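Participant: Dropping the structure in here first, questions after.
Throughout, read-outs are computed from the coordinates displayed, never taken from laboratory work. In this text, all values refer to a predicted model and were calculated from it rather than measured experimentally. Here the Cβ positions follow ideal geometry from the backbone for every residue, glycine too, while neighbour counts run over all protein chains shown.
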Amino acid sequence: MTTPGTDLSKYINRLDIILQVSEQVIKDFDMFGLEVKFSGNGYMAYEELFDQVYPHLEKLLHSNQTKFLAILYRIDLSEEQVRKAVNENTSEPFSAVVADLILRRELQKVVLRNSFK
């Protein structure tokens, strides 16, 4: 038996979920003065959000690691989760792996929240 939010694939094409994920990403990054926007296009949601989150992370890695770690904490990603994902995706840039991890975690949080409504 899987727990709610474990298999996220069935949720990635649901516009209501995508909108909630984008709202969560926008809210979390806004807390740190980082702007993320979403057009509402559900078909390109992942790419649109990724393309905005990735450069923010890249910049923070080089200029403000404390803020970078604070974002991870806010989103509820441990350094161990990040380390594991990076080790599993050695061909991808670090910031790209973390951006993907953030978007997946935000999706998981939305799905879990909805399952308890």
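Participant: Which of the pairs 37/59; 59/109; 59/84; 84/117; 10/109 have their Cα atoms more than 20 Å apart in this structure?
Facilitator: Among 37/59; 59/109; 59/84; 84/117; 10/109, the Cα-Cα distance tops 20 Å for 59/109; 59/84; 84/117.
Participant: Follow-up. In region 55-86, whose amide N lies under 14 Å from the spot 7 Å out along Cα-to-Cβ of residue 31? List them in ranges.
Facilitator: Under cut-off, by backbone N: 67-78.
Participant: Roughly what angle does helix 79-88 make with the longest principal axis of the chain, taking Cα atoms, 0 to 90 degrees, to the nearest 10?
Facilitator: That helix lies at roughly 90 degrees to the long axis.
Participant: Which label belongs to the value computed from this structure, given these candidates for P(r) over Cα pairs in 10 Å bins from 0, in percent: (i) 14, 36, 29, 15, 5, 2, 0; (ii) 13, 47, 34, 6, 0; (iii) 15, 53, 32, 1?
Facilitator: (ii)
Participant: Under the 0.36 nm per residue contour assumption, what length would be gained going from the current alpha-carbon distance of residue 7 and residue 61 to full extension?
Facilitator: On the way: separation 54, 0.36 × 54 = 19.44 nm, distance 3.00 nm.
Gain on stretching residue 7 to residue 61: 16.4 nm.
Participant: Mind listing the phi-derived Karplus ³J(HN,Hα) values for region 23-31, rounded to whole Hz, using 6.51, -1.76 and 1.60 with θ = phi - 60°, and x for any glycine or proline?
Facilitator: Per-residue couplings from phi come out as 4, 5, 4, 4, 4, 5, 6, 4, 4 Hz.
Participant: Give or take rounding to whole Å, what are the principal axis extents of the alpha carbon atoms in region 37-76, in descending order?
Facilitator: That gives 33, 20, 12 Å along the principal axes, largest extent first.
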